[in-house]
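One structure is given here, and the rest of the page talks about it.
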Amino acid sequence: MSAGPVLVALVALLLLLVAYQRRLERRRAQQGIPSGELVYQDTVARLEKTLYSQRYHLTGRPDHVFWNGDAYIPVEVKTGRTPSTPYWSQVMQLIAYCVLVEENTGIRPPYGIILFEASGRSFEVDFTPDYEQLLANVLDDMRRLRRKVEVHRSHANPRVCAACGYYDRCEERLG
């Protein structure tokens, strides 16, 4: 076999790979996913470490974290219906992920993204000092209330129970 057909086949394969890569990049852009390298991804297998903030005594696992060349961008994916604007609780969850990313990387994210999977719609939420202070206030309120009220978690679903952050020390856990 001569080099001509092999070279043509390699060029054709390279063109297909470039076209596929461009298609993926367009799809990511349409969904509001930042360009850059995926550096963290929460999966069912729990392969990535849980992030921890010493400052806020907070743990969490963002769905995705992308490195865009300048900053780490946390992305929270929601599977339910798409509201006209994100719910306050969703914004606070994303701000918590911004805090966790900053403390674990040393680089402050300028924003995070809430992506609604069903519609492909996304919302950028700026990571501002005001939002960070609001999160600190919410955490303080939650901790104060937790001391006053005995909380019993739902144990109706074994999968939800097993995924709970208190599973290892819960006396009511299933299994």
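A few comments on the model shown:
- Cβ-Cβ contacts under 6 Å between residues 6 or more apart (or on different chains), taken from a first residue in segment 110-123 that is of a type in the set (Asp, Glu) to a second residue that is surrounded by fewer than 21 Cβ atoms within 10 Å (Cβ to Cβ), are listed as 117/77; 117/79.
- If the condition is being out of contact with any Ser or Thr (no Cβ under 8 Å at 6 or more places or on another chain), hydroxyl-bearing (Ser, Thr, Tyr) and over 11 Å from residue 74 (Cβ atoms), then segment 93-147 contributes 122, 128, 131.
- Output for segment 124-175, where each listed residue is at pLDDT 75 or above, of a type in the set (Ser, Thr, Tyr) and either over 21 Å from the mean Cα position of the chain (by Cα) or assigned to a helix (DSSP H, G or I) (or both): 131
- Verdict on residue 48 being within 10 Å of the chain's Cα centre (by Cα) and of a type outside the set (Lys, Arg): no
- Among all positions in segment 62-79, there is at least one residue which is under 19 Å from residue 166 (Cα atoms), in contact with a Phe, Trp or Tyr (Cβ under 8 Å, 6 or more places away or on another chain), open to solvent by less than 30 Å² (accessible area, probe 1.4 Å) and not acidic (Asp, Glu).
- Yes/no for residue 107 being modelled with pLDDT of 95 or more and assigned to a loop (DSSP other than H, G, I, E, B): yes
- Among the residues making up segment 96-109, those that are open to solvent by 10 Å² or more (accessible area, probe 1.4 Å) and either within 13 Å of the chain's Cα centre (by Cα) or hydroxyl-bearing (Ser, Thr, Tyr) (or both) are 96, 97, 105.
- Of the numbered criteria (1) open to solvent by less than 50 Å² (accessible area, probe 1.4 Å); (2) more than 30 Å from residue 170 (Cα to Cα); (3) not in a strand (DSSP E or B), the one residue 112 fails is (3).
The values are calculated or read from the model by the stated rules, or taken from the named source; none is laboratory data. The structure presented is a predicted model; accordingly, all values stated were derived computationally and were not measured. Backbone-built Cβ (ideal geometry, glycine too); neighbour counts: all protein chains shown. Ligands, DNA and RNA are stripped out before the accessible areas are found, and what is left, the full protein with its side chains, is counted by its heavy atoms. Shrake-Rupley method; radii C 1.70, N 1.55, O 1.52, S 1.80 Å.
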